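Single-structure report; data block below.
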Protein chains: 2
Amino acid sequence: MLWIVYQEKSAAIYAIEVISGKWRLPIMLELSVHESMWYNEFKHHLDGISNIMLTRALQDLETNGLIQRKELAQLPRHVEYSLTAGCQQLLGVLDMINEWEGFIIRLYHP
Amino acid sequence: MLWIVYQEKSAAIYAIEVISGKWRLPIMLELSVHESMWYNEFKHHLDGISNIMLTRALQDLETNGLIQRKELAQLPRHVEYSLTAGCQQLLGVLDMINEWEGFIIRLYHP
DNA sequence: CTGTATCCAGTCCGATACTG
DNA sequence: CAGTATCGGACTGGATACAG
């Protein structure tokens, strides 16, 4: 996580760094579809994720300003997660990759 | 590297996967500036990289269709690396992130 | 010049169990 | 419901030495 230091740190390198990880992008993509989700909803939508991995990913994403956490004072507890505006912009850029039909094929048959 | 399987595999997730790693993006960015480079040139431009890390990164990028390797039959040996067309398109998208002045700041102060 | 072989340390990922 | 604690195992990064 220090490799952005001696290269001139670019926003793109930083962005790739904070979204790298097994569950981060899948979580962000779920949030981009559902607007807001609570903890257990992720467990239903992300096949195979465990508590510890979900918690870690959510905390990392929050630390890096990609998602917001909002705890509603209720019983039973209810915590709501949603994307920040910056993250929505970032996903907008990444989604351009999806819009290229055949991107992966083109990669292998240039 | 298996996490793209049980999520519906999207091109964006695949793209992030193949460019994740400490040296891959820095290598690609150098190549986008210099058109083509040979092995030792990378060692001069990428501060702190070792032979083994450079070799691994170059091989991974080639395997994933992001760079091309061209060995010129000479003595001393001379091997030339360059970006594929698909990789140039991908970098074009990522560069949009750099063009947002204040992207990182916006992330933290939404 | 362009790599490969070893071998080790640090990170990341995750099953299982437990908590307020 | 929304997490935390623990403890491995897998993967990634890298120093050093060597090779065609």
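Odds and ends about this structure:
- Helix B:51-63 and the longest principal axis of the Cα set of chain B meet at an angle near 70°.
- Assigned charges on the beta-carbon of Lys, Arg, Asp, Glu; chain B dipole about Cα centre (debye): 300
- The value obtained for chain B, namely the Cα convex hull volume divided by the number of residues, is 138 Å³ per residue.
- Annotation for A:TYR108, label-to-label distances across the other copies: 4.1 nm (shortest first, one decimal, point 7 Å from Cα along Cα→Cβ).
- Closest-to-axis residue of chain A (Cβ criterion, axis taking A to B), whole Å: A:SER20, 2
- Each copy carries B:ALA73; placing its label point 7 Å along the C-beta direction from Cα gives inter-copy distances of 7.9 nm, listed from smallest up.
- Using a simple spin-label model with pseudo-atoms 7 Å out from Cα toward Cβ, B:VAL79 and B:TYR39 lie 0.5 nm apart.
- Other-chain or far-sequence residues with amide H under 5 Å of A:GLN68's (modelled H): A:SER82, A:LEU83, A:THR84
- Relative contact order computed over chain B (Cα-Cα under 8 Å; 6+ residues apart), in percent: 22
- Sorted from closest to farthest, the other copies place their B:TRP38 label points 6.4 nm away, with each point set 7 Å from Cα along Cα→Cβ.
- Pairs from the list A:LYS70/B:LYS22; A:LYS22/B:LYS22; A:LYS43/A:LYS70; A:LYS22/B:LYS70 with a Cα-Cα gap above 27 Å: A:LYS70/B:LYS22; A:LYS22/B:LYS70.
- Computed log₁₀ I(q)/I(0) - Debye formula, equal Cα scatterers, no solvent, the protein assembly as shown, q 0.15 Å⁻¹: -1.02
- Here the Karplus curve 6.51 cos²θ - 1.76 cosθ + 1.60, taken at θ = phi - 60°, turns the phi angles of region B:72-80 into couplings of 8, 6, 9, 10, x, 3, 8, 10, 10 Hz, with x standing for Gly and Pro.
- Against the main long axis of the alpha-carbon atoms of chain B, helix B:85-99 sits at an angle near 50°.
Quick note: the coordinates plus some simple rules give every number you see, no bench work behind them. Nothing here was measured: the structure is a model prediction, and the numbers come from that model. For neighbour counting, all protein chains shown are included, and Cβ atoms are generated from backbone atoms with ideal geometry for every residue, glycine included.
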